[in-house]
Amino acid sequence: MSEHETVSALLSLAAAGVLSPDEERRVQAHVHHCADCGRELAVWRLVAAEVSRAKTEAVPDGLLERTLQRLTHVEGLRQESRTGDAILAFLMLFSWTVGAVTWLAFRLFAGGPSALASPTLRGTLMWIAVSTLLAWLTAGAAAVVLSFRARKGGTYELT
Ligand SMILES: [Zn+2]
């Protein structure tokens, strides 16, 4: 085995800083006149730096596992209630659209087209309040619809 091959096998360990002083000196002496090994060592040092950075930024023990478990759980629930979610999403969107159209109609009626260009804070707050109320009412209606369907033997569950 040539010196190049021997040192090449040690480069990743050198970057990780786990070589003995003798091996370290051997690597340094070789990369001094071997451009290939010098480049490879530089790459390994970047990798080692990334790994140690990732370690210091690591999340607390168990958090990653717990988060993954939670996501898996949520995904499972999502599969079960996808149809219910789609109905809810549609109704929410519908009620927001109705709220927006109502507000636009109100603005047009109250102040003409120019009022649209300068919506007052009060009008905006009113629209938010009305559309939020509509959204809540729609969600309530959707809950009734879904529980009704569940009683009829459907698979939806809201809890
Ligand atoms: Zn070399």
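The values are calculated or read from the model by the stated rules, or taken from the named source; none is laboratory data. This structure is a prediction, so every number in the text was calculated from the model and none was measured. Don't worry about glycine lacking a Cβ; one is built from the backbone with ideal geometry, like all the others, and counts go over all protein chains shown.
Data table
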| quantity | calculated |
| --- | --- |
| Every residue from region 13-23 that is surrounded by 13 or more Cβ atoms within 10 Å (Cβ to Cβ) and either modelled with pLDDT of 95 or more or hydrophobic (A, V, I, L, M, F, W, C) (or both) | Leu13, Ala14, Ala15, Ala16, Leu19 |
| Pair list, Cβ < 9 Å and 6+ apart or interchain, from region 28-52 residues that are outside any helix (DSSP H, G or I) to residues that are within 13 Å of the ligand (Cβ to nearest atom) | His32/Gly38; Cys34/Glu3; Cys34/His4; Cys34/Val7; Cys34/Ser8 |
| Considering residues of region 1-43 that are of a type in the set (D, E, K, R) and out of contact with any helix residue (DSSP H, G or I) (no Cβ under 7 Å at 6 or more places or on another chain) only, the residue nearest to the ligand (Cβ to nearest atom) | Asp36 |
| Only one of Thr83, Thr72, Thr97 that is at pLDDT below 70, exposed (fewer than 13 other Cβ atoms within 10 Å of the Cβ) and away from the ligand (no atom under 15 Å from the Cβ) | Thr72 |
